[in-house]
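Where a number appears in this text, it was derived from the coordinates with a stated rule and is not lab data. All figures in this text were calculated on a predicted structure; none of them were measured in a lab. In this analysis, Cβ positions are derived from the backbone assuming ideal geometry, glycine residues included, and neighbour counts consider all displayed protein chains.
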Amino acid sequence: MKRLLITGFAPFGGDKINPAWQAVQALPETVGQWELVKREVPVTFRGAPAALFEALDACEPDAVLMIGLAASRGAVTPERQGVNEIVARIPDNEGNQPQNEPIVPGGPEILCSTLPVEDMAEAIAALGIPARLSDSAGRYVCNTLLYSALYRLEQSDDPVPAAFIHVPATPEMGLDVPTLPLEEIIQALTAAILAI
Ligand code: PCA
């Protein structure tokens, strides 16, 4: 079996839950050809990449899929690319709020996801769950994790493919935004993994 490292973010910004990690946790141990290695990642500019790099070294996966919350979006959105810039709208979970800083000084402006994100979006939409490709993972911790992962993997001797999927809020979060039930987010992630 091939090994998929799949991460989900901890709660942040005053929320008590993050459906990204809830959905990752609820996935089965295996999906199709993939054995899942699940990791919760902290919502901090320093800690998120560090946690991912540690997991990469520990589990030596064949692919990496990162999941985060985009509470303003009504659709599941695989991200096409990461951008080498941080603009923190709110402080991270350590109180840091960097503005207009590069993630990797001197690094390329954009790094493209290396898993088939278009196929993932199509597979999710085929279930009748709202899905679309996204050109921007934002400028907060999710984009930082995506860019850091793509940069690190690109530099490695044995690069494995990686991508990021943003998921909507769930009704139980009590936010005034479009929502998707957790069960549908779990189905969407399963379809995305099967599309790899
Ligand atoms: N979403 C935030 C960070 C953690 C998460 O789940 C983001 O989109 O950057």
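Points to keep in mind about this one:
- When DSSP beta bridges are restricted to pairs lying wholly in the chain, around 30% turn out antiparallel.
- In range of the label at residue 54: residues from segment 1-40 whose backbone nitrogen is under 12 Å from the point 7 Å along Cα→Cβ: 40
- Selection among 173, 112, 67 by position relative to the dipole of segment 67-196 gives 173 as farthest towards the positive end (Cβ unit charges, Cα centre).
- Spin-label pair residue 100/residue 132, simplified geometry with 7 Å Cα→Cβ offset, distance in nm: 3.0
- Taking the Cα centre of segment 67-196 as origin and assigning +1 to Lys and Arg Cβ atoms and -1 to Asp and Glu Cβ atoms, the resulting dipole is close to 200 debye.
- Per-residue Cβ neighbour counts within 10 Å put 16, 38 in the sequence 16, 38, beginning with the fewest.
- Karplus-derived HN-Hα couplings along segment 176-184 (A = 6.51, B = -1.76, C = 1.60, θ = phi - 60°), whole Hz, x at Gly and Pro: 8, 9, x, 10, 9, x, 3, 4, 6
- 3J(HN,Hα) along segment 82-96, derived from phi through the Karplus expression 6.51 cos²θ - 1.76 cosθ + 1.60 where θ = phi - 60°, amounts to x, 10, 7, 7, 10, 9, 7, 5, 9, x, 6, 6, 10, x, 8 Hz, with x in place of Gly and Pro.
- The 3J(HN,Hα) values that the Karplus relation (6.51, -1.76, 1.60; θ = phi - 60°) gives for segment 138-149 are, in residue order, x, 10, 9, 5, 4, 4, 4, 5, 4, 4, 4, 5 Hz. Gly and Pro appear as x.
- A simple count of charges around residue 139, restricted to other residues whose Cβ falls under 9 Å of its Cβ and scoring Lys, Arg +1 and Asp, Glu -1, yields 0.
- The residues packed around residue 3, meaning those with a beta-carbon under 10 Å from its beta-carbon, carry a net charge of -2 if Lys and Arg are +1 and Asp and Glu are -1.
- In plain terms, the chain from residue 172 to residue 29 could stretch by 49.0 nm, reckoned as 0.36 nm per residue minus the Cα-Cα distance.
- Within the shell of other residues whose beta carbon sits under 13 angstrom from the beta carbon of residue 82, the net charge comes to -2, with Lys and Arg scored +1 and Asp and Glu -1.
- Both radii were evaluated on the Cα set of the chain; the Rg over Rh quotient, with Rh as the Kirkwood radius, amounts to 0.93.
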